[in-house]
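For reference, the structure is listed below as structure tokens.
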Amino acid sequence: MREILLSILVAAIAYLLGCFSTGLTVSGAKGVDIRNRGSKNTGASNVLRVMGLKSGLITFAGDFLKAALACWIGSLILPGTTFGIARYGMMLAGLFAIIGHNWPVFYGFKGGKGVLVAGGAILAIQPVLLPFLALIFLACLLPTGMVSLGSVTMAAAYPLLTLGYCLLRGYAVQDLLICLVGSVIMAAMVIYMHRSNIQRIRDGKEYRFGRHGKQ
């Protein structure tokens, strides 16, 4: 019972941290509601596109770090093994931080797409995978200019990398399952939030950074 109550506490804290919108805070400081500009998304890519590099980088850092902070808090509240699972607290926090970011209660459940928040969670849970995911992202972004393509491809690759890494390291079955299930849920949320981008990619209408006329 105690572990269940602590799990609820971790989920609530992580969700509220995820609800903090760096993009809205940064744009609001300049008198802009980012939800009415560009793609109308609060994430770093739209802030970068609409407001420039500095604002985009601040949003990038804020979204990334809030998930890492949530996972750290999760590891403090649920340290060691919970329900026999070593990474349970961090994974639970990471997932709810993404949920809070994507569907923030304070902003009408309209938030970002969860890519950077997922990245912050991965930094806390499986940091060794980040360089590989970054390479996959860049391999898609650089030739096409499409952030969305890199994000979706990276999300799809994450569960596969997680499975390979867990098997290579000889994780216990319960730890392998929590990492694999968590990675699948993270990937599914990111891909789901990019469903309109996927359709625009299919139609050849997706926005490309640095390539005018490609909307």
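The values are calculated or read from the model by the stated rules, or taken from the named source; none is laboratory data. From a predicted model like this one, the values you see are computed outputs, not experimental measurements. A quick note on method: Cβ atoms are made from the backbone with ideal geometry, for glycine too, and the neighbour counts reach across all protein chains shown. Only protein heavy atoms, including side chains, enter the accessible area calculation; ligands, DNA and RNA are left aside. Shrake-Rupley method; radii C 1.70, N 1.55, O 1.52, S 1.80 Å.
On the beta carbon distance between Y107 and R37, with R0 = 22 Å, the FRET formula returns roughly 0.90. Magnitude of the charge dipole for the chain, about its Cα centre and with charges confined to Cβ atoms of Lys, Arg (+1) and Asp, Glu (-1), is about 800 debye. For the range 3-90, relative contact order (Cα pairs under 8 Å, six or more residues apart, normalised by length) works out to 29 percent. Put a dot 7 Å past the Cα of F83, heading toward its Cβ, do the same for L142, and the two dots end up 4.1 nm apart. For the range 74-143, relative contact order (Cα pairs under 8 Å, six or more residues apart, normalised by length) works out to 21 percent. Within the range 51-66, what residues put their amide N at less than 11 Å from the label point 7 Å along the Cα-to-Cβ vector of F20? Counting only backbone N, you get 62-66.
Axis of helix 115-125 versus longest Cα principal axis of the chain: the two differ by about 30°, to the nearest ten degrees. Solvent-accessible area of the range 59-186 (1.4 angstrom probe, protein heavy atoms only): carbon and sulfur portion equals 80 percent. The angle between the Cα long axis of helix 53-77 and the main principal axis of the chain comes to about 10°, on a 0 to 90 degree scale. Principal-axis analysis of the Cα atoms of the chain puts helix 2-19 at an angle of about 10° to the longest axis. About the centre of its Cα atoms, the range 31-108 shows a dipole size close to 220 debye [charges on the beta carbon of Lys, Arg (+1) and Asp, Glu (-1) only; nearest 20 debye].
Mind checking the per residue accessible area of the chain for me, 1.4 Å probe, whole number of Å²? About 49 Å² of surface per residue is accessible.
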